[in-house]
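Note sheet for the following structure.
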Amino acid sequence: MNVLLAPMEGVVDFNMRRILTHIGGFSRCVTEFIRVTDHGLPNRVFLRHCPELDQNCETASNVPVAVQLLGSNPEAMASNAYRAAILGAKTIDINFGCPAKTVNKNEGGAKLLNSPETMYQIVRHIKQSLPEGIKLSAKMRLGYEQRHGYLENAIAVEAAGADELCVHARSKTDGYKPPAYWDLVDKIQQQLSINVVINGEIWNLDDWQEAKRQSGCSDTMIGRGILAQPDLAKQIQEFQQGISPKPLTWEEIMVYVHEYFLTTTVCYPKKFLGNRLKQWLSYLKINYPQAARLLENIKRSRDFEFIDHHLKNEMNGKL
Ligand SMILES: Cc1cc2nc3c(=O)[nH]c(=O)nc-3n(C[C@H](O)[C@H](O)[C@H](O)COP(=O)(O)O)c2cc1C
């Protein structure tokens, strides 16, 4: 019963993976997507998205990290997957679910769900390029405009040689709107022999149990639910061990929030200062009202001292 940390571009970077896997409960993580066009990417691009490549491709808490690629050119995807493997990746993940307009305009991400043959070619080319022992997984939605074609797509992914398939149980048009159609993933899971992971709309222990029950999957992937409740994976682990979970307090969370602010500040250009922190707070406020107040106070600022002062005050309970 593995819990995987979902890839989330703009917020789940190396710093967030370190924090969340330190809190615990995860078996695996996936990087933010690396965009592949038609040429080989330089090593620095892989290392920027996945600094863990230099640490046995694991977070500091020894949780393995898969490198995710997004693109529609099978040859370019394969050569870049090979490059990632040479740099130390042990699992390559393929993104067949991104709904972003710019990505879909270039026939990448969720747009590929309209073409099982292209999905097959991408998985096949990557599989053939990878050194022995390197795993290949894919992540897809249930369809592009409609929740259609998912069985054909899933079968193509398996036939081409993927080792695992994660399904975000919605179409591209469904976006991130509830509900997630966990029951439809049961049909996929029944058809395939490879491991199928259920993803989408898991916010608490009840959702986790219900998603597993309806989908028939034992492994889950969680994204926004973890950012809203950073110890949800740990709570799941404890629940399975019969321990009654004790959620993190706001004071405990603030220590991680401050760490995230400091570590992301030095990683990204100044013009983006605070962006990732604000993203995280916008999820935390779902469960912690204090996060809403903090976000309100800092949301217009890009000034390090100003934001740091507010975070420190919050940590000292001065606000
Ligand atoms: C801000 C944001 C960024 C995301 N970035 C990625 C990404 O880089 N690669 C990917 O496969 N999915 C990405 N996703 C989709 C998530 O991995 C996940 O499939 C989706 O959020 C549903 O799961 P959840 O309800 O547990 O959040 C992103 C989602 C969000 C909200």
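The values are calculated or read from the model by the stated rules, or taken from the named source; none is laboratory data. Small disclaimer: the values here were computed from a predicted structure and weren't measured. Heads up, the Cβs are rebuilt from the backbone with ideal geometry, glycines too, and the neighbour counts pull from every protein chain shown.
For this structure, a couple of remarks:
The rows are residues; the columns are (1) at pLDDT 95 or above; (2) under 18 Å from Glu9 (Cα atoms); (3) outside the structural domain of Met8 (by TED's automatic domain parsing).
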site: Gln235; (1), (2), (3): yes, no, no
site: Thr263; (1), (2), (3): yes, yes, yes
site: Arg276; (1), (2), (3): yes, yes, yes
site: Leu284; (1), (2), (3): yes, yes, yes
site: Arg300; (1), (2), (3): yes, no, yes
site: Asp303; (1), (2), (3): yes, no, yes
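- Against the list (1) more than 13 Å from the ligand (Cβ to nearest atom); (2) modelled with pLDDT of 95 or more, the condition Pro247 fails is (2).
- For region 99-106, the criterion of being in contact (Cβ under 8 Å) with a residue 24 or more places away in the chain, hydrophobic (A, V, I, L, M, F, W, C) and closer than 20 Å to Gly161 by Cα is satisfied by no residue at all.
- Test: residue in region 237-260 that is within 20 Å of Ala6 (Cα to Cα), surrounded by 15 or more Cβ atoms within 10 Å (Cβ to Cβ) and of a type in the set (Phe, Trp, Tyr): yes
- Identity of the residue in region 73-102, within 17 Å of the chain's Cα centre (by Cα) and of a type in the set (A, V, I, L, M), that ends up surrounded by the fewest Cβ atoms within 10 Å (Cβ to Cβ): Ala100
- For Pro289: the one exception among (1) surrounded by 15 or more Cβ atoms within 10 Å (Cβ to Cβ); (2) over 20 Å from Gly25 (Cβ atoms): (1)
- Matching residues, region 71-94, being farther than 21 Å from Asn15 by Cβ and within 16 Å of the ligand (Cβ to nearest atom): Gly71, Ser72, Met77, Asn80, Ala81, Ile92, Ile94
- For region 212-233, filtering for residues that are assigned to a loop (DSSP other than H, G, I, E, B) and within 14 Å of the ligand (Cβ to nearest atom) leaves 4.
- Residue that is within 11 Å of the chain's Cα centre (by Cα) and within 16 Å of the ligand (Cβ to nearest atom), where the choices are Glu32, Glu52: Glu32
- Tallying residues that are within 10 Å of the ligand (Cβ to nearest atom), assigned to a loop (DSSP other than H, G, I, E, B) and surrounded by 16 or more Cβ atoms within 10 Å (Cβ to Cβ) within region 161-211 yields 5.
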